[in-house]
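Reviewing the structure listed below.
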Amino acid sequence: QVHLVESEGGSVQAGGSLRLSCVASGDIYDSTAMGWFRQAPGKEREFLARISWGGSYTSIADSVKDRFTISRDGASTIYLQMNNLKPEDTAVYYCASSIVIGARKTTDYKYWGQGTQVTVSS
């Protein structure tokens, strides 16, 4: 069992930046990767980024690759740095843990955080 807790999101103006963190606890050494997703109202949950266990491999969705980066600090904490935020980035952001190599789909991730709201105003 892995327990994931995201940091509080927030409200920012367009063009601003925000960094989310996610702390994992429990059986974290069973994970091969951790990732970030988001879900806007009325839309499907969208893959944003993932990072390998050791942090040496990252993958970012094309839709945000010029503005978002993922990183990790040790075994239990990952970050999502979001720059030049746009109103369309408004969503609930989730971190998740996977044992699947190359995980990008929601079904590849077994454990999820509770989500945190990010609101970007124009």
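Worth a mention:
- Think of each Lys and Arg Cβ as +1 and each Asp and Glu Cβ as -1; about the Cα centre, that makes the dipole of the chain roughly 180 debye.
- 19 Å cut-off, amide nitrogen to a point 7 angstrom out along Ser17 Cα→Cβ, residues in segment 106-121: 118-121
- Sum of side-chain charges, Gln117 neighbourhood, beta-carbon under 13 Å (Lys, Arg +1; Asp, Glu -1): -2
- A simple count of charges around Val92, restricted to other residues whose Cβ falls under 15 Å of its Cβ and scoring Lys, Arg +1 and Asp, Glu -1, yields -3.
- Zero-based 10 Å bins, Cα pair distances in segment 43-99, whole percents: 20, 56, 22, 1
- Sorted largest first by accessible area at a 1.4 angstrom probe radius, with every protein chain in place, the residues Arg45, Arg67, Arg19 fall in the order Arg19, Arg45, Arg67.
- Under 11 Å, Cβ to Cβ, from Leu48 - net charge with Lys/Arg +1 and Asp/Glu -1: +3
- Expressed in Å, the radius of gyration and Dmax of the Cα atoms of the chain are 13.3, 41.
The values are calculated or read from the model by the stated rules, or taken from the named source; none is laboratory data. None of the values given here were measured: they were computed from a predicted structure. Glycine gets a Cβ as well: all are built from the backbone with ideal geometry, and neighbour counts include every protein chain shown. Protein only, heavy atoms only, side chains kept; ligands, DNA and RNA dropped before computing areas. Shrake-Rupley method; radii C 1.70, N 1.55, O 1.52, S 1.80 Å.
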